[in-house]
Every structure is written in structure tokens, then in C-alpha cells.
1. Counting only residues that are surrounded by fewer than 19 Cβ atoms within 10 Å (Cβ to Cβ) and within 14 Å of chain B (Cβ to nearest Cβ), which one in segment A:148-180 is farthest from the chain's Cα centre (by Cα)?
2. Which one of B:Ala166, B:Ala146 is in contact (Cβ under 8 Å) with a residue 24 or more places away in the chain and closer than 30 Å to A:Val188 by Cβ?
3. Is there a residue in segment A:3-19 that is touching a Phe, Trp or Tyr at 6+ places or on another chain (Cβ under 6 Å), surrounded by 21 or more Cβ atoms within 10 Å (Cβ to Cβ) and either away from chain B (no Cβ under 14 Å) or at pLDDT 90 or above (or both)?
4. Of a type in the set (A, V, I, L, M, F, W, C), surrounded by 23 or more Cβ atoms within 10 Å (Cβ to Cβ), under 18 Å from the mean Cα position of the chain (by Cα) and more than 20 Å from A:Ile272 (Cα to Cα), is that true of B:Ala166?
5. Among (1) within 10 Å of chain A (Cβ to nearest Cβ); (2) farther than 21 Å from A:Arg291 by Cα, which single condition is B:Ile161 missing?
6. Give segment A:148-165 a look and list any residue that's of a type in the set (A, V, I, L, M, F, W, C), at pLDDT 90 or above and assigned to a helix (DSSP H, G or I), or say none.
7. So how many residues does segment A:79-113 have that are assigned to a loop (DSSP other than H, G, I, E, B) and out of contact with any strand residue (DSSP E or B) (no Cβ under 9 Å at 6 or more places or on another chain)?
8. In segment B:192-311, which helices (runs of 4 or more DSSP H) lie fully inside it and hold 1 or more residues that are within 14 Å of chain A (Cβ to nearest Cβ)?
Amino acid sequence: MEKVLEVKDLHISFDIHAGEVQAVRGVSFDLYKGETLAIVGESGCGKSVTSKALMRLLPTPPSRIKQGEILFEGKDLTKLSEKEMQEIRGAKISMIFQDPMTSLNPTMTIGNQIMEVLLKHQKLSKNEARNRAIELLQLVGIKNPELRIKQYPHQFSGGMRQRVVIAMALACNPKVLIADEPTTALDVTIQAQILELMKDIQKKMGMSIIFITHDLGVVANVADRVAVMYAGKVVEIGTVDEIFYNPKHPYTWGLLASMPSLDHKDEELYSIPGTPPDLLNPPKGDAFAPRNPYAMKIDYELEPPMFKVSDTHYAATWLLHENAPKVEPPKVVQERMRQFALSSGKKGGEFRG
Amino acid sequence: MAKQKLLEVRNLKQYFKTGKDQVVKAVDGISFDIYKGETLGLVGESGCGKSTTGRTIIRLYEATEGEVLFNGVNVHAKKSKKELKELNRKMQMIFQDPYASLNPRMTVADIIAEGIDIHGLAKTKEERMQRVYELLEIVGLNKEHANRYPHEFSGGQRQRIGIARALAVEPEFIIADEPISALDVSIQAQVVNLMKKLQREKGLTYLFIAHDLSMVKYISDRIGVMYFGKLVELADAEELYRNPIHPYTKALLSAIPLPDPETERVRKRIVYDPSQHNYKEGEELSFREITPGHFVLCSEAEYKQYKAMYT
């Protein structure tokens, strides 16, 4: 498979008066052509910072890329000048944000906002740009586009606004689309429509999507592969089936187990105790250890490397070390694993993506 | 054990004037009961009136029409200060946004004890602080937190403070308006477990308002579904998920993505179109019982049809 984007050992810190917040502490992943990679994790785990770094949208100072590379089309994005970056931003890599109300300009018509991207990057005439804007609105399922391009954001509902934002992001046929919680602010029925739209457009245009969310239901719906982040690191990465049915990291176990399943009502929900660590002073060893019921002595001493589970599946936990004791994951997770064994037996271990 | 009604909502209406001749019917004639010790979940999309319903029940808004009976007492009737105070003590609310619902200039102790002070539940300063410490312990925080300010806490911890504040006056009934929506998944489970534990220990009754349907199912005994100011379906949680009858409920349930890639690959979404009912002019809609305890808003013709299909 063709790699579109490679992130290698990325470190990002914020310098604030209290010290250095190490928001991203060594993140590596690849993005393949036409796939959807979901990045999941709690607030503060560094998922949004990582995605903003890909677009070089973090203000410097206070932010600082300490180390690492972001390779895209043979260039290291961390080394580009602002001018060079402007050629890429919005044209080859574009982004959809969480809140469609704040990502649209309330004083500009929808049409002008979409045309702005086209005029800047594609050197179209005003008329051509206008026609393309109408086409794009049609593509994202907005009726009466000729009329709608003359309207302002406040004349659109939340779901429609997010469609407009998607239209803007797609205007220049980007290779990579970064969607940072694009449906979190929307109702479930509208969310379902937007997810269907994004999958549909991906099929038509073949771009790669990085989908950032904390909703595991949405992940199961859209992702081909999943990266789980905790305290500024990717702790587990694999295909969607591997992460949901054969997870290896105790943090992934905790996330999956804390979602209520449909048939276990009377049992208490599994919950991850405590709160995420303070990244001003990241703990020694595995950052998850203090909240990890399976933590061993070594977890407080040494950070675990990425252990290989399969060609597509890696997890950073000492539990995968050959000398580690066998542990039992939470019951709900064991059930998932059993289902996985059953269904993968039937399908002959076939994976998507 | 016979179920005892704690709260009765009768034909409650809440209209807001938005312009000269414009009226928003946020809540448009809904009726339901909440039994002692149960959790009633109220779900629906934004703007369906679920939060307005909660706020009208506790009289943050004056109802346009209809009545709310709490232990047989009409909440919206004229009351003396004393009666009102007594009622306010028994009904408490937990809000959605733990960042906006705590006064940033008050210490945690003062936030929690505000109700204690108003209702004179502590005789001495020591007793007051003792009570605050107990409450902090109950919600999983500790003594040292009492003198801090809200900004020093995370979202989950703030929501715990909000719960402690509600519990301080020993209420019987708590309205929780999207108490976990603003929290992370791992923290949501902590707060839901806490709410369930408190319910068991103190015999609390909850009205749990939310749009996250999987959590609602987990915590609720019964669930009501709202659509455009009306309650369209009400049933046992299990029953509602297994046998949804109203087409809107079906659409809503079919739109939730589940954390299960296998089922996600085959899930078909049902789309709800209000015109699909083909109601005739003057046809009367009412809330009718299809199977025991399972109510649906429907016309006489639909009622017969549903009856035939589901019994």
C-alpha cells in the first residue's frame, strides 16, 4: 500500500510560565492512500495537537516541535517555511473542525468562503470558482446550491454548516483530510448523515482521512485502522478489528470496557480509576501505570517499547513481553476476544483496510 | 412492592415568545409519571424540549399550562416562602456543563454548603464543615479539596462537586440534565457508577436527561423519547430498545453507532419523515398504551395497527 503521510517520533511541547508541557511525546504512524485512520483518546492526550501540527497550525511560541519528522510527498513538513506551508495547507492537506459555527466566517456568504480557497490555490476565474462552489455544495448534499451560495452561515442549521465546512475542505481535492471531532457537536441522526457523506466522498475521491474522536461507536463505523493515544503517545495501533476484538493494551481495555454494552445492565461499569497525568511533569516509566490495575514494577521504572502483535498491530505495554505474567482482561473485553476468535475463524482471518 | 408515584407531569406546556406573533412550543403537552426510586431517562435531539421539560418541572421556568405534582403537591401553584423552600430542598438538579455551573469565586466548601446554609441544616460551623467533608467523601473527593476553587479541578471532579452540592440538602428527586455529556468516556463511567451507587444507598429518584442513548439505557429503568416538544414513546428501557414502535424512535436507535465494527458494517439507518404518518385533518393524536407499560403517541388508526402488530 502506498504511504501518503509518515509521522516519525514527533515531540511537541508548549512553553508556559509554569514550565514545559510535553503534549506530544514521540508519536509515529503512517497514513496509507484511501484509508481512514482514527485517532482516539481522552481530552489532553495530544490527539488534536498532533493533527494541528500536521497542518502547522500551532502558534509558535508557545508551541515548539522539539523533534521528529512529518513526511509528505518527500518533504518534511516540520521544516517548511510558512510560505511553502501555505501551498500545502488547504490544497493538499485540509482540515474540518469540531464546531461548524466557529469555523465559518459569519460575515461572509457561504459562496465567497468556498471560492476563497479556490481563488487562492487553483487560479480559477471568479466565474469558474463560483461554478465549482455550486458543484461542491451539490456534492455534500445541499439542495438549491445556486441560492444557498448567496446566504450566510446563520441561515444554515448545524448539520448543514458542517456540510459547508466539508465542501470547503474538499474544494482543492486534498490528498489528506484531517477531521477533528467533526460530528461531536451534532445530533446522532445528523452525525449519521455526515459520516455517510464522508465515506461516500472518500470512495469517490480516494483521499486519506485522519479522523480524531473520542466516540468509539464512530470509530467502529468509519475507521480502517485505529491509533489509541494516551498522555502524548500512541499506546496501541492496529486495524479496527484488531483494536476492538483483540486489544492488547490495558488502556484500550479500559476504554472499551467503560462503554455500557447492550446486555449487561446490572453489573457496575468498568471504569478507569483516577485521571490522566499532568504533562508538565510526565511520570517516570509508563504514564498509564498509576491508573493501570495490571501495572507491574517495571511499569514505574521503564517505558515499554512498541511490541509487535501482528504485521498491522502494535501495542506499548510490558504485558506483551515474553517474561510478563498472563493476565485476564476485563470480562467485557474477554467476550470481545471470544467473538473475534469465532468470527475470524469463520472468515479465515480476513481484515479490512 | 407497589410502585409509588413520586412525580406526576400532566399535560405540561412551555411556550416561549420569540417575536411579536411567534411562539416556540418547546414543550407541547406532555404527561408522564416518575415512580419512587426509579430512573426515568429522557432522550431526544437538541431542541426537542428535553432540557426545558426538566427545568420546567423544577420550576426554573413557569409552566405555560399543565401541572407538575410532586408527592401530590402542585409545584407550580402559589406557595408561601416556606412551602417553596421545602419543595426546593426535595428536588435538586445537576447540570450539563461542570465548567459553567459552579461559581468560580466560591470555594468548593461554600458551593456545597450553600444549600445547607439556606435551609439551615447545620447548627454550628463545625457541623457544616463536617457535612461538607462527608459529602466530598461520598462523591469520591477528599477533605483537602474543600478550600479550593473550581478551576483547580478537572471536568469529572467538577461534576462530582455538582453532585455533592445536589446531595447536600438530602433531596428525594434529582434532575440530571446531561450530567456526563461534557466528560471523557473513562470519566463518564466513574460518574454513572457514582450516581447508581448513590441511588441504591439513598433511595434517590432520577430524571436523567441525555442524548447519549447507550448510557441512558444503562442507567434508566424506563425511557421516554421526545420529538419536537412531544413525548412520542415511553417504555421500559429494555423494551424500548428491543421493540421500538414509533417510527421516530426506530430512526433514532438506528442512527447510533455502536462500538462494534462487525455490526457497524451491516447497520442500516432508518430515516424518519414526519409526513409518513399521513395524518388526516382533525385526526386526534394521543398517548396510548400498546403493550403493558409501553406508550406511543399515535392516532386511533395507528393504534389499531400497532396493536395488531405488537401484541
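1. Of everything passing the filter in segment A:148-180, A:Ser157 is farthest from the chain's Cα centre (by Cα).
2. Answer to the selection: B:Ala166.
3. The answer is yes; a qualifying residue exists.
4. yes
5. Among (1) within 10 Å of chain A (Cβ to nearest Cβ); (2) farther than 21 Å from A:Arg291 by Cα, B:Ile161 violates only (1).
6. Within segment A:148-165, A:Val164, A:Val165 meet the criteria.
7. 14
8. Output list reads B:213-219, B:237-242, B:247-254, B:261-266.
The values are calculated or read from the model by the stated rules, or taken from the named source; none is laboratory data. Fair warning: this is a prediction, and the values are worked out from it, not measured in the lab. Don't worry about glycine lacking a Cβ; one is built from the backbone with ideal geometry, like all the others, and counts go over all protein chains shown.
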